[in-house]
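Here the structure comes first, spelled out in structure tokens, and everything after it is commentary.
The values are calculated or read from the model by the stated rules, or taken from the named source; none is laboratory data. Computed from a predicted structure; not experimentally measured. Here the Cβ is made from the backbone with ideal geometry for all residues, glycine too, and neighbour counts use every protein chain on show. In case anyone asks, the SASA skips ligands and DNA or RNA and just uses the protein heavy atoms, side chains included. Shrake-Rupley method; radii C 1.70, N 1.55, O 1.52, S 1.80 Å.
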Amino acid sequence: MQELLKSLIDIQQRLNVPKNQYNQFGKFKYRSLEDIQAALKPLLAEHNCGIRFDDNVVEHCGRTFLKTTLTFFNDKGETLSTTSEAEHAIEKSGMDSAQISGAASSYARKYSMNALFLIDDSPEIDSDQYSQGRTTRKATTSTTKAVTRQAAPVDKNTAIKNAINASKDVNALLSLYMEHQQEVESNPEIKAMFTLRRQALQNQK
């Protein structure tokens, strides 16, 4: 296990995955699962290591999630694992069952990679929004989560819509978007609500 840990530490220190993707709605850069895998492969080869994913469907409180186990291994038979989950919706607007499963799998796999290899996946917010400071973003994130929890007894999409309307500034709206990115991107109605609300908040400045 000691040799595998040394390999992991070296990979964590050297892995560099630029955020080359751009989200037009949220106005932030991000990295995809494919970006991470492409940057990781040479380092894995250097250490004679590899990774594998195992997906399973699990249920929590009547809701279905796709659970991904990421296993990091070397040629000595040593292994380390981490897990991540993403909600697997029964249906999503404009997506068939295979696309829904694929989206949940990609999301869970990406965040298991982030956890194991210490990849920061926070969004790069526009400079004028970022200048408001980390304290403001933490506060707005807490507010967004509180609104979502209050809406929990209703349908999830309805809860998101309520939270959109309740957002008091652009930072809060972006935090909400990040928390529910999958639902937003797959639901044109909710995505349009985000756009309209963002425009309204920007016009208030």
Test SER122 against the criterion of being within 16 Å of PHE25 (Cβ to Cβ), at pLDDT 50 or above and of a type in the set (S, T, N, Q), and give yes or no.
no
Members of region 63-76 that are without any contact (Cβ under 8 Å) to a residue 60 or more places away in the chain, open to solvent by less than 60 Å² (accessible area, probe 1.4 Å) and not β-branched (Val, Ile, Thr)
PHE65, LEU66, LEU70
Over region 158-170, the set of residues crowded, with 22+ Cβ neighbours inside 10 Å and among the polar types (S, T, N, Q) is SER167
Name, by its number, the condition in (1) farther than 23 Å from SER106 by Cα; (2) part of a helix (DSSP H, G or I) that does not hold for LYS168.
(2)
Scan SER112, SER32 and give me the residue that is hydroxyl-bearing (Ser, Thr, Tyr), in contact (Cβ under 8 Å) with a residue 40 or more places away in the chain and over 29 Å from ARG198 (Cα atoms).
SER112
Under 30 Å from LEU15 (Cβ atoms) and at pLDDT 80 or above - does that describe any residue in region 168-184?
no
Which condition number does GLY102 fail, the rest of (1) at pLDDT 85 or above; (2) loosely packed, with under 13 Cβ neighbours inside 10 Å; (3) part of a helix (DSSP H, G or I) being met?
(2)
Hey, could you check region 77-109 for residues that are out of contact with any Asp or Glu (no Cβ under 9 Å at 6 or more places or on another chain) and free of Cβ contacts under 8 Å to residues at least 12 places away in the same chain and say which is nearest to GLN37 (Cα to Cα)?
GLY102
Looking at LYS92, is it at pLDDT 50 or above and open to solvent by less than 50 Å² (accessible area, probe 1.4 Å)?
yes
Taking region 77-87 on its own, how many of its residues are open to solvent by less than 40 Å² (accessible area, probe 1.4 Å) and in contact with a strand residue (DSSP E or B) (Cβ under 8 Å, 6 or more places away or on another chain)?
3
Top-ranked residue in region 1-48 [being open to solvent by less than 20 Å² (accessible area, probe 1.4 Å) and part of a strand (DSSP E or B); ranked as nearest to ILE119 (Cα to Cα)]:
PHE28
